[in-house]
Amino acid sequence: MADVLSQNEVESLLSALDPSASSGGGGASRPSSRTTDFNAQISIYDFKRPERVSKEQMRAFRALHESFSREFGAALSGMLRSIIEVKLISVDQLTYSEFVFSLENPTCFNLLESETLDGHIILDISPSIIFPIIDRLLGGDGNSQGAYPNRALTEIEIRLVSRITGLAIEGIESAWSNLCDWKLSVSQVESNPQLVQIVPPNEVIVLISFEVTMGETRGIINLCIPFNTIEPISSKLTSDSWSAYKKKTPDLRQQLNLEASVTQSKINMKVDLDNSKLTAGEVLNLAVGDVIMCNKGSAQSLTVELEGSPVFTAFPGVYKGHKAISIESMLAMPKDIVEEKIRTTESAQGVGSS
């Protein structure tokens, strides 16, 4: 014969399920502390939105793309010859279907493929900023005042937008260069985002959103990275080995451009002829034709200063009727003196140890 529960046992079970429940006779007992602790540990989990990206990886995404936003903003300002601000506003993980249905239609939907990783990433540029940028590239002021055409981009506009996309690709590759070599290229440009299905609808993606400001015009650029695309390198995002800043090998073109710019720069040069001193009375008594005797003779060298730093020794003279100096030698620079002392010290230590 089965056991029969007493009234108190039944009320205890009901109280455990619903703490607010109580019997009319006041005989219901409170749920035990063990039951309360068990209920406190329950957390809601949505199987439609699995969290595959850890918090540490999300912080890595944010740090990487903060450097991208600064680099991309500077490059965009140089191209458009206007002050452009690119600011990272959010880093979220959601499903691909949620991302696609949150976009405008039509939009500038760029599908990027990588040579080194399997899969694609998406660069979406909202019409509210892409049309003012196109207007700026064509010679306008880029001030749309909130009005832009509700249509897909033409072939000519897509060609112009490719310059902006190219700058974004360079920035992405630079930001990720310490982790992997993306080698990205644009494989497809669409206006309707729902026509492109790069991953299953419930696949987790990392969505990085940037706000682009050009004068009074604002717009959003979204970078969608499916997690399965970067899963082979996801372990690097959780270690201390990654860094958003990497010392790169100098590019030859950049070196030549910098050298050409520096060599054309103007600097201030000063030659100290003498340090003779006169009293105030002697200065007041000076007249036209008076001669001031210098402490230095014509055979003594002078010091030539560049931007306030002594660099050369020289002799005074005249060249084609103009006052001139003849460079004698270069003075030792502070860094050269330090290097010489280091070499001398190391040499002395080597002799002493032997």
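Which FRET efficiency, nearest 0.05, do Y319 and E346 yield, Cβ-Cβ r, R0 45 Å? Walk me through the intermediate numbers first.
Working: r = 45 Å, r/R0 = 1.00.
Calculated value: 0.50.
Which semi-axis lengths, in whole Å and largest first, follow from the square roots of five times the eigenvalues of the Cα gyration tensor of segment 55-245? Please report the intermediate quantities before stating the final value.
Values: eigenvalues 142, 73, 42 Å².
In descending order the semi-axes read 27, 19, 14 Å.
Sorted on the mean count of surrounding Cβ atoms within 10 Å across their residues, most packed first, peptides 339-349, 64-74, 98-108 read 64-74, 98-108, 339-349.
A simple spin-label model places pseudo-atoms 7 Å from Cα toward Cβ; at L284 and C180 they are separated by 8.4 nm. Per residue, the convex hull spanned by the Cα atoms of segment 121-180 measures out at 101 cubic angstrom. Applying 1/(1 + (r/R0)^6) with R0 = 45 Å to the Cβ-Cβ distance of S309 and R159, what FRET efficiency is obtained, to the nearest 0.05? After rounding to 0.05, the efficiency reads 0.35.
Extension gain, E173 to E98: 0.36 nm times the residue separation minus the Cα-Cα distance gives 24.4 nm.
Beyond 23 Å between alpha-carbons counts as too far, so tell me which of K277/K335; K296/K323; K55/K87; K277/K320; K266/K323 fall in that bin. Distance filter (> 23 Å) returns K277/K335; K277/K320. Using r as the Cβ-Cβ distance of I292 and L331, and R0 as 30 Å, what FRET efficiency do you calculate, to the nearest 0.05? It comes out at approximately 0.65.
Coordinate-derived values only; no laboratory data. Keep in mind the model is a prediction, meaning the values are calculated, not measured. Note: ideal-geometry Cβ built from the backbone for every residue, glycine included; neighbour counts use all protein chains shown.
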